[in-house]
1. Go over the candidates 10, 64 one by one and state the one that is more than 10 Å from the ligand (Cβ to nearest atom) and not in a loop (DSSP other than H, G, I, E, B).
2. Scan (1) open to solvent by 100 Å² or more (accessible area, probe 1.4 Å); (2) away from the ligand (no atom under 12 Å from the Cβ); (3) without any contact (Cβ under 8 Å) to a residue 24 or more places away in the chain; (4) over 13 Å from the mean Cα position of the chain (by Cα) for the single condition residue 22 breaks and write down its number.
3. When region 26-46 is examined, which residues are found to be more than 9 Å from the ligand (Cβ to nearest atom), more than 19 Å from residue 71 (Cα to Cα) and of a type in the set (A, V, I, L, M, F, W, C)?
4. When you scan region 55-73, how many residues do you find that are under 16 Å from the mean Cα position of the chain (by Cα), more than 17 Å from residue 16 (Cβ to Cβ) and open to solvent by 100 Å² or more (accessible area, probe 1.4 Å)?
Amino acid sequence: MSAARKRVAVVGVGTMGTQAAWRLAARGAEVVGYDRFAPGHDRSAAGGETRVFRSAHFEDTRYVPLLRHADAL
Ligand SMILES: Cc1cc2nc3c(=O)[nH]c(=O)nc-3n(C[C@H](O)[C@H](O)[C@H](O)COP(=O)(O)OP(=O)(O)OC[C@H]3O[C@@H](n4cnc5c(N)ncnc54)[C@H](O)[C@@H]3O)c2cc1C
């Protein structure tokens with residue numbers, strides 16, 4: 001990231017939005033997330049209390065190293 005601090009707005013802070021915001025912030029950006037519901041709400045694909053993180057991938061095992069890397073992050 002350049003010396004000038006980037007300002008980024010992320011609209012929709014579910015799975016993808018929160019990850020993008022987190023990694024951008026880790027690189028020094030000033031990040032604001034906007035969502036139509038409160039954090040942790042149960043109306044997104046990622047919300048609720050029944051989700052798991054799987055490291056198995058039936059369709060293509062080449063995704064498995066990527067999944068392991070994501071899990072470690
Ligand atoms: C029951 C279930 C089980 C699943 N299990 C797995 C699993 O085991 N493993 C796996 O890898 N994947 C699983 N998935 C899929 C995974 O959850 C989704 O692919 C992933 O969460 C999608 O991420 P996303 O950021 O695109 O959407 P979301 O996580 O849904 O986030 C979108 C966000 O955008 C917000 N938003 C939408 N419209 C607007 C707007 N106009 N203005 C502001 N905010 C807005 C929403 O409120 C939400 O917070 C599962 C999905 C479901 C439903």
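1. Just a single option satisfies the conditions, and that option is 64.
2. (4)
3. 29, 31, 32, 38
4. Counting residues in region 55-73 that are under 16 Å from the mean Cα position of the chain (by Cα), more than 17 Å from residue 16 (Cβ to Cβ) and open to solvent by 100 Å² or more (accessible area, probe 1.4 Å) gives 1.
The values are calculated or read from the model by the stated rules, or taken from the named source; none is laboratory data. These figures come from a predicted structure and were not determined experimentally. Neighbour counts run over all protein chains shown; Cβ positions are idealised from the backbone, glycine included. Calculation scope for accessible area: heavy atoms of the full protein, side chains included, ligands and nucleic acids excluded. Shrake-Rupley method; radii C 1.70, N 1.55, O 1.52, S 1.80 Å.
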